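Here's the structure, in structure tokens; my notes come after.
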Amino acid sequence: MKNVILISTNGFEGTWPAIEYSAWAAQTIGADILLLGVSESAAEGSNAKQSELEGLLDRAAALFAARGLRHSIDRQAGRCEEVVTRAAQQVDGITVLGPLGRPLLQRLLVGRSIRNLLEAIPTPVLYVPHACLPLQKMLICLGGLGYEITAEHLALRLGAAAGAAATLLHVAPPVDLDYPTARVEREHWRDLESTDGLLGRNLRAGLAAARTAGMTASIKARQGNIVEQILVEMKDGNYDLICMGSPYGFGGLRHLYEARVTDEVAEQTRCPVLTARYEPGGA
């Protein structure tokens, strides 16, 4: 996680939790904040919406100043999804997003904005529908193939600074194929970390990384539909943050991420979701 946090708002009150979370994260890891105010009403000439945006920017600036955070404010006009995507490509850091308040009909026709933004933004993304603070428990989803490493390293940096505990979750999907890796996962899904294959090695590495960071950490295994099992674990464990690898940027392996697991979880969970595309060598 580089020391710049880009946070955007279009004036919708639902983005305030993301602003609050950004302030906490910046204070926790010593990061600078770039607050992007997107005026979507400029073309419409809506003074009311512009006033709401300016009011939210003023509240955010006051919050950052009260906490002694280094911050700057940039105002741009346009559609939020497009403006934020362009800005994120120019910032070497993490982009924090909140709900944009799109009408129900628009969400039904073109899908939620978070799906499009996760696909378009190449840098790490933290989606905050609700600010679950203080951060005490985090869930790190390990797919076993190693594509979550970049996101995992970002989560551990934040979690270690906050003194949070980490649960490393592996969900074994129903497997009917008969080849060595599939057989190992089917027969040892409860104790994959004890096996010698790629899945076992990556689980042990994740556990070691969390403990090296000074965190209390454990491994948990589930079996079944990946999205359903992650959501059940989130509810049962009452976690404050979930960390997942991004399904984008993996080329030919993208098909392995059924139903875009990260997207589905981000849409259905109430707690913040941290995701990042895989980078060789981690973060």
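Of all residues in the range 187-234, how many are of a type in the set (Lys, Arg) and at pLDDT below 85?
Of the residues in the range 187-234, 2 are of a type in the set (Lys, Arg) and at pLDDT below 85.
The rows are residues; the columns are (1) more than 11 Å from VAL96 (Cβ to Cβ); (2) touching a Gly at 6+ places or on another chain (Cβ under 6 Å); (3) in contact (Cβ under 8 Å) with a residue 60 or more places away in the chain; (4) assigned by TED's automatic domain parsing to the domain that holds ALA164.
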{"site": "PHE12", "(1), (2), (3), (4)": "yes, yes, yes, no"}
{"site": "TRP16", "(1), (2), (3), (4)": "yes, no, yes, no"}
{"site": "ALA23", "(1), (2), (3), (4)": "no, no, no, no"}
{"site": "ALA31", "(1), (2), (3), (4)": "no, no, yes, no"}
{"site": "GLY37", "(1), (2), (3), (4)": "yes, no, no, no"}
{"site": "GLU40", "(1), (2), (3), (4)": "yes, no, no, no"}
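The values are calculated or read from the model by the stated rules, or taken from the named source; none is laboratory data. Since this is a predicted model, take the numbers as computed values, not measurements. Counting neighbours? That spans all protein chains shown, and the Cβs are built from the backbone with ideal geometry, glycine included.
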